[in-house]
Amino acid sequence: MDDLNTETPIQQIRFSGIEKTGIELFMKRDDLIHPFISGNKWRKLKYVLQDAKARNKNHLVSFGGAYSNHLVALACAGAIHGLHTTGFVRGEEVSNPMLSLCKLWGMQLVFTQREQYKNKNALFTEFFNSDAQAYFIDEGGKGGLAAQGCEEILDGVYGFTHVMCSVGTGTTIAGIARQAIKKGMIAEGICMLKGAEAIDAEIAELAGLPVKIHHGMSRGGYGKSDPELMAFIGTFASETGILLDQVYTGKMMTAIVQLIKEGYYKRGDKLLTIHTGGLLGLMGVLE
Ligand SMILES: *Cc1c(COP(=O)(O)O)cnc(C)c1O
C-alpha cells in the first residue's frame, strides 16, 4: 500500500486576541498530507482502497458535486494506485479546474441530472452491473471504512480538552469522536449544511456514541460565501500563515472564534481544530 505520510504537525494559533481569554487554540495541519488528496480525504479513502484491492476491484466509482474535493482526491489516489476511476458529477455538464484535474488523472466523468443523481445505487447498477471490477464508493466517500480511517487523525494526539472539525457527511467527526472519547477529549463538529439537524443521528450511529454538532453556523448554507468570511480568511492567513478554504475550514474557524467569544469554552480549555484541507476550492474563488 502506497501510504501517504499522515504524521502532520500541530500548530498553536495566535489569532484575534484569543490568548487573552485563557483558552489555547491549536490546529492539526492535515492539509499538509498531500496537495490534492488533502486533509481528511486520504484518511477516508485509506481503508476503502484496501478493501477494493482485497476484493480484486480495479475500478473505483463514486459521486460528488462539480467542486468535490472527494472526486479530486479519488482521481489522484486512483492514479497513484493504478486503479481506474469514474466520478458521477451532480448536475449539467460544466468545466472547472477541479474537474479538469480529475480528467488529467484519468477519471471518467459522468454528468448526471439532479433527479437521477439522488439514487446512487441505481446509477451504479445501471452503468456498472456487468462490470465485476467496479467498486461503489458513496458520495463524499462517506461510510464505516472511511470513519475507521478518520479515527487515525487522533493517533498520537493527547492533552487537549476538545477537538473540532467541519462536517459535510459527518464521517470525519464520527471517526474522530470514537478516538476522542478514549482520550478524554470532547469531539465537536461544526455543520456546514443548513437545516441539517437530522445528521446528528447519522453521526451518532456511525460513531457509536452521541456527538455534539453545532448547527446554525454554516453562514447561509453549504457552499455559500460572503465578504466577511473572505475577509476572515485573509486576516487569518496574514496573522498565522495558514490558508483556510471558504467551504469548510474557514467557516469552521469563524464558528470557533465566535463560540470562544460567546464564552462557550472556559479558561484553561485546550482546543484542537483539524485542518481538513480543501484549499483547491479557494483557488477557484480568489480574484
Ligand atoms: C470533505 C471535507 C470535509 C467534510 O468531511 P465529512 O467527512 O464529509 O464530514 C471537511 N473539510 C474539507 C476541507 C473537506 O474537503
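Computed values, structure above
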item	result
Residue among Gly189, Gly175, Gly149, Gly159 that is under 20 Å from Gly277 (Cα atoms) and either away from the ligand (no atom under 13 Å from the Cβ) or touching a His at 6+ places or on another chain (Cβ under 8 Å) (or both)	Gly189
Candidate set from the range 168-187 (those that are surrounded by fewer than 24 Cβ atoms within 10 Å (Cβ to Cβ) and in contact with a Leu (Cβ under 7 Å, 6 or more places away or on another chain)); member that is farthest from Asp155 (Cα to Cα)	Ile181
Total residues in the range 169-191, condition assigned to a loop (DSSP other than H, G, I, E, B) and not basic (Lys, Arg)	4
First in the range 203-231 and in contact (Cβ under 8 Å) with a residue 60 or more places away in the chain, second anywhere and among the aliphatic types (A, V, I, L, M), Cβ under 7 Å, 6 or more apart	Leu206/Ala147; Leu206/Ala174; Ala207/Ala174; Ala207/Ala177; Gly223/Val247; Ser225/Val285
Hits in the range 232-287 (condition: touching a residue at least 12 places away in the same chain (Cβ under 8 Å), among the hydroxyl-bearing types (Ser, Thr, Tyr) and either touching a strand residue (DSSP E or B) at 6+ places or on another chain (Cβ under 7 Å) or closer than 16 Å to Ile213 by Cα (or both))	Tyr248, Thr249, Thr254, Tyr265, Thr273, Thr276
Enumeration of residues in the range 263-287 that are surrounded by fewer than 17 Cβ atoms within 10 Å (Cβ to Cβ) and either modelled with pLDDT under 95 or within 13 Å of the ligand (Cβ to nearest atom) (or both)	Met283, Gly284, Val285, Leu286, Glu287
Residue pairs meeting the criteria (Cβ under 6 Å; at least 6 apart or on separate chains; first outside any helix (DSSP H, G or I), in the range 132-147; second near the ligand (Cβ under 10 Å from one of its atoms) and of a type in the set (Val, Ile, Thr))	Lys142/Thr169; Lys142/Thr171
Answer residue from the range 89-119, given it is within 15 Å of the ligand (Cβ to nearest atom) and in contact (Cβ under 8 Å) with a residue 40 or more places away in the chain and is nearest to Asn56 (Cα to Cα) among those	Leu101
Single residue of the range 211-232 satisfying the filter (over 18 Å from the mean Cα position of the chain (by Cα) and under 20 Å from Leu286 (Cβ atoms)) that is surrounded by the fewest Cβ atoms within 10 Å (Cβ to Cβ)	Pro227
Among (1) away from the ligand (no atom under 14 Å from the Cβ); (2) modelled with pLDDT of 95 or more - the single one Leu74 does not satisfy	(1)
Helices (runs of 4 or more DSSP H) fully within the range 52-129 counting 2 or more residues that are under 21 Å from His34 (Cα atoms)	69-80, 97-104
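The values are calculated or read from the model by the stated rules, or taken from the named source; none is laboratory data. Keep in mind it's a predicted model, so treat the numbers as computed, not measured. So basically every Cβ, Gly included, is an ideal-geometry build from the backbone, and we count neighbours across all protein chains shown.
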